[in-house]
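Here is the structure we will look at, set down as structure tokens.
What follows is calculated from the coordinates using simple rules that are stated; it is not laboratory data. Just so it is clear, the structure is predicted and the values come from calculations on it, not from any experiment. Cβ coordinates were reconstructed from backbone atoms using ideal geometry, including for glycine residues, and neighbour counts include every protein chain displayed.
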Amino acid sequence: MLIHSASQLITMAGPPQRGRELGRLGIIPNGAVLIRDGLIVETGTTLALLNKYPEEERLDANGKAVLPGFVDAHTHLVWAGDRAAEFEMRLQGKSYMEIMAAGGGIASTVKATRSAEHESLLHHTRERAQNMFAHGTTTTEAKTGYGLELNTELAQMEVLLQLDHEGPLEIVPTFLAAHAIPAECAGREDDYTFLICNDMLPALIEWWSRKGAGHPLPFVDVFCEKGAFNLEQTRKILSTAKALGFPLKAHVDEFENLGGAALACELGAASVDHAVKTSAVEIQTLGRSDTAVVSLPCTPFGLAESHFTPAKDLLDADAILALATDLNPGTAWCENMQFVMALACRAMKLTPAQALAASTINAAYAIGRSQIIGSLEAGKQADMLILTVEDYRHLAYRFGGNLVGTVIKKGNIFPQ
Ligand code: NIG
Ligand code: FE
């Protein structure tokens, strides 16, 4: 199939975009792209490709912008219940960490998720996945972390694998048993850390060999934060996971700096996420490393706070910056990467081009998939969007709506 007459064909061609290079869109005006068997065969001008492939089935982009599907590099997609009451409490003056310390927060979602039936968990997660896809996300990372004991963590993982199998949204899973200390281990953080390292991770390897359907091992992630896992516990979990062959991620510096970013770089993590309170020294370390920084501007926005990832400093230091929603019931119930871009431009002063590269090729890199998705280049998966507008900048200029008209996933067109 030949998609032609795109006002802007945004190829995002080339490697992930470091530092000040961020925002290299590779635009072909009046562009076209040839897709066969779910893969991209060629990009070029409409004139050239219509001449070269006159017999090919055609899809007219009608003078609208065409671009790679969004990659959401950080979500907590699978949970039960909601936390609307906590949102109200926060607006009345309680902080996120105060609510968490009093047994609310992540713990309340853990309670709801542990007691949810599989079908109900699947149903509510599928609704969110469909909403993401309708807003242009063609691949998402998604974490467990609302079980905090093996069976519920694996039940969450099972939902993720099942929804990935159903499609069309492609799901890259992450194991986040180290999201919080479960109530039954209160005061025994080291015991729970030991349990993760010695029981849960080996059990996950065994489970994956039966249920993983040939997928690569999931990421292992840790919430390195005061009130969650300290630096030493984070090191134990991540280094154990690494020795078992898992790729790594870490939540760092969301509220306080514990040194998690430097540790993640040392261990070769694929990304550090949040990175709000990251120190100047660690920003330089990130800039020299291959570890991506996934910024989650919906989280401070969702918490009605004003501290965002220091994007400009990270770009000056040559870091690889990506964006994601952080979709979760506590801080950021947002399924829409277009809103993330709009917010990133305003709160972190990214340009629309930088925000788009951070939401496609760099986000793909942050989840270890930049060889397969994130740009429109020959050999990559045919994951792309036809907008309802001619100019990609409207994705960030406007906000709160949906400018995605057609989503193409592995060459299949939605709505069909
Ligand atoms: O990334 N920080 C930890 N995890 C989530 C919040 C999860 C929750 O509150 O349920 C985050 O912001
Ligand atoms: Fe998170």
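If packing is taken as the average count of other Cβ atoms within 10 Å, what order do 236-242, 87-93 fall into, highest mean first? Mind dumping the intermediate values first?
Values: 236-242: 21.0, 87-93: 12.1.
Put in order of decreasing packing, that is 236-242, 87-93.
Averaging sequence separations of C-alpha pairs under 8 Å and six or more residues apart, then dividing by the length of the chain, give the relative contact order as a whole percent. Walk me through the numbers on the way to the answer.
On the way: 982 pairs, mean separation 92.1, N = 416.
Relative contact order here is 22 percent.
Which value, in debye to the nearest 20, gives the size of the charge dipole of segment 278-409 about its Cα centre, when Lys and Arg are +1 and Asp and Glu are -1 at the Cβ?
Numbers: 9 positive and 12 negative charges, 40 e Å.
Dipole size: approximately 200 debye.
Debye sum, Cα scatterers, the chain, no solvent: what log₁₀ I/I(0) at q = 0.09 1/Å?
-0.51
Quick one: helix 231-244 against the long Cα principal axis of the chain, what's the angle to the nearest 10°, folded into 0 to 90?
Taking Cα atoms only, the helix is inclined about 60 degrees.
Under a 10 Å cutoff between Cα atoms, tell me which one of 203, 344, 73 has the largest fluctuation in the Gaussian network model of the chain.
203
Counting only DSSP beta bridges with both residues in the chain, tell me the antiparallel percent, nearest 5. Present the calculation step by step, with values, prior to reporting the outcome.
Working: 25 of 56 bridges.
The antiparallel proportion sits near 45 percent.
Under 10 Å, Cα contacts only: if you run a Gaussian network model on the chain, which one of 295, 209, 271 comes out with the highest mean-square fluctuation?
Its mean-square fluctuation being the largest, the pick is 209.
Using only the alpha carbons of segment 305-348, determine the length spanned along each of the three principal axes and report them from longest to shortest in whole angstroms.
Principal extents (Cα only, largest first): 33, 20, 17 Å.
Percentage of Cα-Cα pair distances in segment 237-366 greater than 17 Å, rounded to whole percent? Mind dumping the intermediate values first?
Values: 4511 of 8385 pairs.
The share of Cα pairs beyond 17 Å in segment 237-366 comes to 54 percent.
Once you keep just the Cα pairs under 8 angstrom separated by 6 or more residues, what percentage relative contact order results for segment 46-151? Display every interim value, and only then the final one.
Numbers: 82 pairs, mean separation 47.0, N = 106.
Here the relative contact order equals 44 percent.
Cα atoms only, segment 93-228: Rg and Dmax in Å?
Both quantities, over Cα of segment 93-228: 15.4, 48 Å.
Lys/Arg Cβ at +1, Asp/Glu Cβ at -1, dipole of the chain taken about the Cα centre: which of 275, 400, 100 is farthest positive-ward?
In the chain, that residue is 400.
Let me know the volume per residue of the alpha-carbon convex hull for segment 332-416, in Å³. All intermediate terms of the calculation are to be shown ahead of the outcome.
Details: hull volume 9.6 nm³, N = 85.
Here the figure is 113 Å³ per residue.
Quick one: pull the percentage of alpha-carbon pairs in segment 25-124 with a separation above 22 Å.
Numbers: 2893 of 4950 pairs.
So the pairs more than 22 Å apart make up 58 percent of the total in segment 25-124.
Any idea what angle helix 150-166 forms with the longest principal axis of the chain, computed on alpha-carbon atoms, 0 to 90 degrees, nearest 10?
10 degrees
Using a simple charge model, +1 on the beta-carbon of Lys and Arg, -1 on the beta-carbon of Asp and Glu, nothing else, what dipole does the chain show about its Cα centre, in debye to the nearest 20? Spell out each step's value before the answer.
Numbers: 34 positive and 48 negative charges, 155 e Å.
For this selection, approximately 740 debye.
In angstroms, what radius of gyration and Dmax does segment 191-302 have, counting Cα atoms only?
14.4, 44
Once label points are set 7 Å from the Cα along Cα→Cβ at both residue 346 and residue 162, what is their separation, rounded to one decimal in nm?
3.8 nm
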